Amino acid sequence: MFVGKDYVVTLHEEVLPPIDHIFSQCQKTLHHRELYMGQGSVFLAYKMIDALVDNCFPVINELIITIEKVDRELEDKNTQTVLEEISITRRNIVFFQTMIKPILPLFEELEEGQHEPLSKNMGFYWSNINDHLKKIAHRLEDSRELIEGISESNESHIASKTNEVIKVLTIFSTVILPLNLVASIYGMNIVGLPLAQDKFSFLILLLTMLVISFIMLLIFKARQWF
């Protein structure tokens, strides 16, 4: 934005609804032209900036609603959706903060009257914008802390699920190991293996394997491994 004695120039890639609304009103009625332009270019710049800043609050409200939605989805264990929305919300908050933080010192200086003629008789107005920007910055910081907390909870949930899967696989592998050993030994062509010639050898070995598995599961249960 460029502000001169009798002009205000704004540069932006897309249409900004708050600014577009101001100029639309000025084109329609003399009353609005006097309201916005009757006190000089600096006041017009203030009104435009004020409209842009006020337009940030609905955006922040949407962010807060999104964070609450993510929190509910985390309770419902919808992990994949939570991961995507956490990533998007984090990015939006960081993007918002990178816009707000650099301009806070500028409006503090304008409020203190450090930039003439922008600050002449405008201290109260710049103070109003500065207060709004500080509120936005605080709400963004609160939102960032909330989404970080949700992210940590989600990571803990994922880690817990991973540990459960690993525990089940470990128990399964441990139970299978002695059974695999017995099967491997009796799969060798070695003369003299116990029960090798017995007609009930298969049933005896199968029963032995089942007993071994059952005993191991009892041991695991007694140790509260599952």
Quick one: how many lysine pairs in the chain have C-alpha atoms under 21 angstrom apart, if they're 8 or more apart or on different chains? 14
Calculate the dipole size of the chain relative to its Cα centre from +1 charges on Lys and Arg beta carbons and -1 charges on Asp and Glu beta carbons; express the result in debye to the nearest 20. 1040 debye
What angle do you read, to the nearest 10 degrees and between 0 and 90, between the alpha-carbon axis of helix 56-75 and the longest principal axis of the chain? 10 degrees
What helix-only [θ] at 222 nm does the chain give? Using -39500 (n - 2.57) per DSSP H run of at least 4, over all residues, to the nearest 500, the answer is -26000 deg cm²/dmol
Computed lengthening from Ser156 to Tyr186, 0.36 nm per intervening residue step minus Cα-Cα distance: 6.3 nm
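Under unit Cβ charges (Lys, Arg +1; Asp, Glu -1), what dipole magnitude, rounded to 20 debye, does segment 94-161 have relative to its Cα centre?
Charge dipole of segment 94-161: 220 debye, to the nearest 20.
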In percent, what relative contact order does the chain have, based on Cα pairs under 8 Å that are 6 or more apart in sequence? 15 percent
Using Cα atoms only, what is the angle between the long axis of helix 123-186 and the major principal axis of the chain, expressed in degrees (0 to 90) to the nearest 10? 10 degrees
Subtracting the Cα-Cα distance of Glu145 and Leu169 from 0.36 nm times their residue separation yields 5.0 nm
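Report the Stokes-Einstein translational diffusion coefficient (µm² s⁻¹, integer) for the chain, Rh taken as the Kirkwood radius over Cα pairs, at 25 °C with viscosity 0.890 mPa s.
This corresponds to a translational diffusion coefficient of 102 µm²/s.
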State the extension gain, in nm to one decimal, for the chain segment bounded by Thr81 and Arg223, taking 0.36 nm per residue of separation less the distance between their alpha-carbons. 47.5 nm
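Each reported figure results from applying straightforward, stated rules to the coordinates on display, with no laboratory input. In this text, all values refer to a predicted model and were calculated from it rather than measured experimentally. All Cβ positions, glycine included, derive from the backbone under ideal geometry; neighbour counts span all protein chains shown.
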